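Data block below; observations after.
Any read-out appearing in this document is the output of simple, stated calculations on the displayed coordinates, not a laboratory observation. Everything quoted here is computed from the prediction, not taken from an experiment. In this analysis, Cβ positions are derived from the backbone assuming ideal geometry, glycine residues included, and neighbour counts consider all displayed protein chains.
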């Protein structure tokens, strides 16, 4: 699909430009994450408006919805949710396919780069808007020689939705 | 001819009015009135959540009065959309849903829109007017 190719190339151009501007791989990682966050806080409403999913009962359901509905809707792929920890607050999203990297090979000078760091930012931003503080990090990255893409999703805090009214104030 | 809906409000999650539109001739409001009504509704909505006997209540969805109905939809992210309509007006929930979709398309995806700020997006205005017009035509057809 031509549209997807334009998307992939545009993303590549952005990463490239950031590397030129910031001259530091860690800074680029940070900037990509921040850009993703800014996208995520807007994208979540579109997701809720058009996917017809309702409120998730727990974090497990949230992760499944991201992997199966969210990734499908915005990237045309699905992810697998695995490696839950015992208390159900962190898990891995494994992507077999990743349209962002179709034509990418990381040169030696960019070894510390998380090329797809925008995605982790998007998820973090989107979840924050529905009262979940999370930490999203890359565990495996095929551009760095791993066998798949794996995002680690950790729920830090569920912010209660009640208004901060205290009866005695 | 009276329109089914008189006006539309959009309130951000902290209770500020970010959009107001008059659609009918009835109940036209000046800016101060619309701001007051918006923050009043925000507070009442919050109180209703606390007072409700229903567990996990998400706030008032419909307020029926002698001269108008007020239909409210709150997204999971906390933005509220509400319309004031004629008493007994039907199909307001799907209309609010459509408005929410237009908001995600023409407001949130506009890179020059700042989150939580008043909405000044022409494409949103145009598409919103069309949606309301379509709703009106459908209403005449029913």
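Below 8 Å, C-alpha to C-alpha, sequence gap of six or more: please give me the relative contact order for region B:63-117 in percent.
Details: 49 pairs, mean separation 14.3, N = 55.
Worked out over region B:63-117, it gives 26 percent.
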Next item on the list: May I ask you to order B:58-69, A:144-155 by the average number of other C-beta atoms within 10 Å around their residues, highest value first?
Entry: A:144-155, B:58-69
Notebook entry, point to check: Any idea what angle helix A:2-22 forms with the longest principal axis of chain A, computed on alpha-carbon atoms, 0 to 90 degrees, nearest 10?
Noted result: 80
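Find the relative contact order for chain B and round it to a whole percent, using C-alpha pairs within less than 8 Å whose residues are 6+ positions apart. Intermediate values should be presented prior to the final figure.
Numbers: 191 pairs, mean separation 33.1, N = 142.
For chain B, the relative contact order is 23 percent.
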Check: Which of the peptides A:39-46, A:95-102 is most tightly packed, and how do the rest follow, judged by the mean count of other Cβ atoms within 10 Å per residue?
Finding: A:39-46, A:95-102
Checklist line | Separation of alpha-carbon centers, region A:123-146 and region A:23-47, rounded to whole Å | finding: 10
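Taking the highest mean first, how do the peptides A:116-129, B:74-87, A:54-67, B:106-119 order by number of other beta carbon atoms within 10 angstrom per residue? It would help to have the intermediate numbers written out before the result.
Values: A:116-129: 23.3, B:74-87: 19.9, A:54-67: 16.2, B:106-119: 14.4.
My ranking of the peptides, most packed first, is A:116-129, B:74-87, A:54-67, B:106-119.
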Note to self: Taking only the Cα atoms of region B:1-137, how large is their convex hull per residue, in Å³?
What the structure shows: 114
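Using the eigenvalues of the Cα gyration tensor, what equivalent ellipsoid semi-axes result for the protein assembly as shown when each is taken as the square root of five times the eigenvalue, whole Å, largest first?
Values: eigenvalues 333, 103, 62 Å².
Its equivalent ellipsoid spans semi-axes of 41, 23, 18 Å.
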Notebook entry, point to check: Peptide B:119-125: average number of partner chain Cβ atoms within 10 Å per residue?
Noted result: 0
Next item on the list: Evaluate the Debye formula for chain A with equal point scatterers sitting on the alpha carbons, no solvent, and hand back log10 of I(q)/I(0) at q = 0.08, 0.18 Å⁻¹, in q order, two decimals.
Entry: -0.26, -1.21
Item checked: Shielding of A:52-62 by partner chains, average beta-carbon count, 10 Å -> 1
Next item on the list: List the relative contact order of region A:2-158 as a percent without decimals, with contacts defined as Cα pairs under 8 Å and 6+ residues apart.
Entry: 28
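Round to the nearest 0.05 the FRET efficiency obtained for residue A:10 and residue B:125 when R0 = 35 Å and r is the Cβ-Cβ distance.
On the way: r = 29 Å, r/R0 = 0.82.
Computed FRET efficiency for residue A:10 and residue B:125: 0.75.
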Note to self: Once you place label points 7 Å from the Cα toward the Cβ at residue B:32 and residue A:96, how far apart are they in nm?
What the structure shows: 6.5
Notebook entry, point to check: Mind checking the angle between helix A:117-129 and chain A's longest principal axis? C-alpha axes, 0 to 90 degrees, to the nearest 10.
Noted result: 10
Checklist line | Zero-based 10 Å bins, Cα pair distances in region A:11-85, whole percents | finding: 16, 36, 31, 16, 1
Notebook entry, point to check: Once you average over the residues of B:72-81, how many Cβ atoms of partner chains fall within 10 Å of each Cβ?
Noted result: 4
Check: In a solvent-free Debye calculation with one equal scatterer on each Cα, what is log10 I(q)/I(0) for region B:62-142 at q = 0.13, 0.15, 0.17, 0.26 Å⁻¹, listed in the order of the q values?
Finding: -0.46, -0.60, -0.75, -1.31
